[in-house]
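**Student:** Starting off with a structure, shown below.
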Amino acid sequence: MNEKNYKNVISKIEPDSIAEELGIEMDDILLSINGKEIMDILDYLFLISDDYLEVEIEKKDGEIWVLEIDKDYDEDLGIEFDNPILDKAKYCKNKCIFCFVDQLPKKMRKTLYFKDDDSRLSFLQGNFVTLTNLTDEDIDRIIEYNISPINVSIHTTNPGLRARMLGNRNAGNVLERIKKLTENRILINGQIVLCPNVNDGKELDNTIEDLNSVYPNLHSLAIVPVGVTKFRENLYSMEIFDKEKASKVIEQIHRWQGVLKERIGTSFVFLSDEFYIMAQKALPKYDDYEGFPQIENGVGLIRKLEYEFNEHLKSIPADIEFNKTISVITGFSAQKLYKRFGRKIDKKSGET
Ligand code: SF4
């Protein structure tokens, strides 16, 4: 592991926690647990899952405290850090042909241009990672510390194609890495950014077939369409999905869902809502999303929101007085949905 870049500065103490009881305060620095230096959040989570701890703290005045703690093995200390991963975030070493960061307008907030690719952020915040900047030791550490689930951007299992799509000649071994992780009980949610005439069609069939063999520890696979902005300059000449192309993808995936339900009892592969919007086709039914395993990826977001909206609307008493004007700011794709909501609210208030 690299040399330590940051001090583990404590930024928050939970009320009634072990930390509060022992007098640990904001701006104290965590130096070690059971004699081991904390290199990152994985070390911290691993080391505190013990029932006896010797915690070394540097107080604000420079005094060093060593605290002995007896606790349940799964009990938290109740501290948060100013840097949630306790280390410098790993940046991505790819140059993807579809990179969304490369397509941002200029002169925006600096942090928007940071390309992270860090399995610790995947575990903590759900970020998708490509597994391309991990050493074999990093993979072993994920397994040893049982860092699970991890969200992986797979795109294709064809080694040569993946290397080209990610602009990284070391990107081809993704299936091998996924197998190693899943065989060691790490759960993975997979993602494919689908690019017309790149990783779709037969390539997509092959990828789904390969990944389905890693079910159930590769739990689900989301397919999202490539996004292209008007700020794309001097980049790969990317085609975009239109109504016809999106309809073809829907047919292909619905075919796969039928096959996989028979074979493994789940649809396994799900399309993001944009495909149905582009194809102007009805979204799958609520139950077809099988508990919405990839909702943060925009898979089933509209269906779930609409379902919840309808349930709330039903629960509003018929005699409620409703005479407000509501404005909603939304993206282009969701505008029809919000118009539908508006009509339903108008109808309900017309009933009173
Ligand atoms: S992994 Fe690819 S898409 Fe993600 S930030 Fe890096 S280059 Fe961009």
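**Student:** Please work out if Asp87 is crowded, with 20+ Cβ neighbours inside 10 Å and of a type outside the set (A, V, I, L, M). Explain how you work it out, then say what you get.
**Tutor:** Details: crowded, with 20+ Cβ neighbours inside 10 Å: yes; of a type outside the set (A, V, I, L, M): yes.
Judged against the criteria, Asp87 is a match.
**Student:** Would you pick out the residues in segment 226-249 that are open to solvent by less than 90 Å² (accessible area, probe 1.4 Å) and either acidic (Asp, Glu) or part of a loop (DSSP other than H, G, I, E, B) (or both)?
**Tutor:** Val226, Gly227, Val228, Thr229, Phe231, Arg232, Leu235, Met238, Glu239, Phe241, Asp242
**Student:** Of the residues Ile208, Ile143, which single one is open to solvent by less than 10 Å² (accessible area, probe 1.4 Å), touching a residue at least 24 places away in the same chain (Cβ under 8 Å) and not basic (Lys, Arg)?
**Tutor:** Among Ile208, Ile143, only Ile208 is open to solvent by less than 10 Å² (accessible area, probe 1.4 Å), touching a residue at least 24 places away in the same chain (Cβ under 8 Å) and not basic (Lys, Arg).
**Student:** Report yes if Leu221 is in a strand (DSSP E or B), among the hydrophobic types (A, V, I, L, M, F, W, C) and either under 22 Å from Pro159 (Cβ atoms) or in contact with a strand residue (DSSP E or B) (Cβ under 8 Å, 6 or more places away or on another chain) (or both), otherwise no. Step through it out loud before you land on a result.
**Tutor:** Details: in a strand (DSSP E or B): yes; among the hydrophobic types (A, V, I, L, M, F, W, C): yes; either under 22 Å from Pro159 (Cβ atoms) or in contact with a strand residue (DSSP E or B) (Cβ under 8 Å, 6 or more places away or on another chain) (or both): yes.
It is true that Leu221 is in a strand (DSSP E or B), among the hydrophobic types (A, V, I, L, M, F, W, C) and either under 22 Å from Pro159 (Cβ atoms) or in contact with a strand residue (DSSP E or B) (Cβ under 8 Å, 6 or more places away or on another chain) (or both).
**Student:** Please work out which residue is farthest from the ligand (Cβ to nearest atom), limiting yourself to segment 96-131 and to residues that are open to solvent by 60 Å² or more (accessible area, probe 1.4 Å), among the charged types (D, E, K, R) and free of Cβ contacts under 8 Å to residues at least 40 places away in the same chain.
**Tutor:** Among those that are open to solvent by 60 Å² or more (accessible area, probe 1.4 Å), among the charged types (D, E, K, R) and free of Cβ contacts under 8 Å to residues at least 40 places away in the same chain, it is Lys107.
**Student:** Then there is this: Any idea which of Ile253, Ile223, Ile178 is touching a residue at least 12 places away in the same chain (Cβ under 8 Å), under 30 Å from Glu144 (Cβ atoms) and surrounded by 13 or more Cβ atoms within 10 Å (Cβ to Cβ)?
**Tutor:** Matching residue, one of Ile253, Ile223, Ile178: Ile178.
The values are calculated or read from the model by the stated rules, or taken from the named source; none is laboratory data. If you're wondering where the values come from, they're calculated on a predicted model, not measured in any experiment. So basically every Cβ, Gly included, is an ideal-geometry build from the backbone, and we count neighbours across all protein chains shown. With ligands, DNA and RNA removed, areas are computed over all heavy atoms of the protein, side chains included. Shrake-Rupley method; radii C 1.70, N 1.55, O 1.52, S 1.80 Å.
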